[in-house]
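Everything on this sheet refers to the single structure shown next.
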Amino acid sequence: MNYGLVLTARARADILRNAEWWAENHSLDQAIAWFDSIYEQLEGLRRMPERFPLAPENGSVEVEIREMPLGIGSRPSYRAVFTIKPLEVHILTVRRASQDALPTEGIES
């Protein structure tokens, strides 16, 4: 079964903000490569999103939330936080893996 993929406004803003950081701190070419790679990797959630582990924030909210490592290179340094609904995967945010846990009030159900 293939799920639909829904990116929240927050997730889209996170991706754009991180790509801008890449452009400012690395290069425009790397920023574009990072941006394209993130969207390509997120497409992988359409099939078997349950294969990814529960996110650390999972126990703090009523809905089940999971995380998927993302990034370029051999060590992904970002994570997509998402929830699975009957026919869709909802990407809630895309964060640096080193960031503190997502505040639970920021999690949509």
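What pairs come out if I take residues in region 35-55 that are in contact (Cβ under 8 Å) with a residue 12 or more places away in the chain and at negative phi and pair them with residues that are open to solvent by less than 60 Å² (accessible area, probe 1.4 Å) and of a type in the set (Asp, Glu) whose C-beta lies under 9 Å away, six or more apart or interchain?
Hits for this filter: 52/67; 53/67; 54/67; 55/67.
Take the residues of region 12-52 that are assigned to a loop (DSSP other than H, G, I, E, B) and within 16 Å of residue 85 (Cα to Cα): which is modelled with the lowest pLDDT?
48
Can you name the residue in region 1-27 that is closer than 15 Å to residue 89 by Cα and free of Cβ contacts under 8 Å to residues at least 60 places away in the same chain and is also least open to solvent (accessible area, probe 1.4 Å) among such residues?
Result: 9.
To keep it simple, each residue is scored yes or no on (1) in contact with a Lys or Arg (Cβ under 6 Å, 6 or more places away or on another chain); (2) assigned to a strand (DSSP E or B); (3) crowded, with 16+ Cβ neighbours inside 10 Å; (4) not β-branched (Val, Ile, Thr).
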{"site": "62", "(1), (2), (3), (4)": "no, no, no, yes"}
{"site": "67", "(1), (2), (3), (4)": "yes, yes, yes, yes"}
{"site": "72", "(1), (2), (3), (4)": "no, no, yes, no"}
{"site": "75", "(1), (2), (3), (4)": "no, no, no, yes"}
{"site": "81", "(1), (2), (3), (4)": "no, yes, yes, no"}
{"site": "86", "(1), (2), (3), (4)": "no, no, no, yes"}
{"site": "89", "(1), (2), (3), (4)": "no, yes, yes, no"}
{"site": "92", "(1), (2), (3), (4)": "no, yes, yes, yes"}
{"site": "98", "(1), (2), (3), (4)": "no, no, no, yes"}
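Can you pull out the residues in region 28-60 that are of a type in the set (A, V, I, L, M) and open to solvent by less than 30 Å² (accessible area, probe 1.4 Å)?
31, 38, 42, 45, 55
Report yes if some residue within region 70-78 is of a type outside the set (Val, Ile, Thr), at pLDDT below 95 and either in contact with an Asp or Glu (Cβ under 7 Å, 6 or more places away or on another chain) or farther than 16 Å from residue 96 by Cα (or both); otherwise report no.
no
Do you know which residues across region 43-79 are small (Gly, Ala, Ser) and touching a helix residue (DSSP H, G or I) at 6+ places or on another chain (Cβ under 6 Å)?
Matches in region 43-79: 60 only.
The values are calculated or read from the model by the stated rules, or taken from the named source; none is laboratory data. Quick caveat, the model's predicted, so the values are computed rather than measured. For neighbour counting, all protein chains shown are included, and Cβ atoms are generated from backbone atoms with ideal geometry for every residue, glycine included. Ligands, DNA and RNA are stripped out before the accessible areas are found, and what is left, the full protein with its side chains, is counted by its heavy atoms. Shrake-Rupley method; radii C 1.70, N 1.55, O 1.52, S 1.80 Å.
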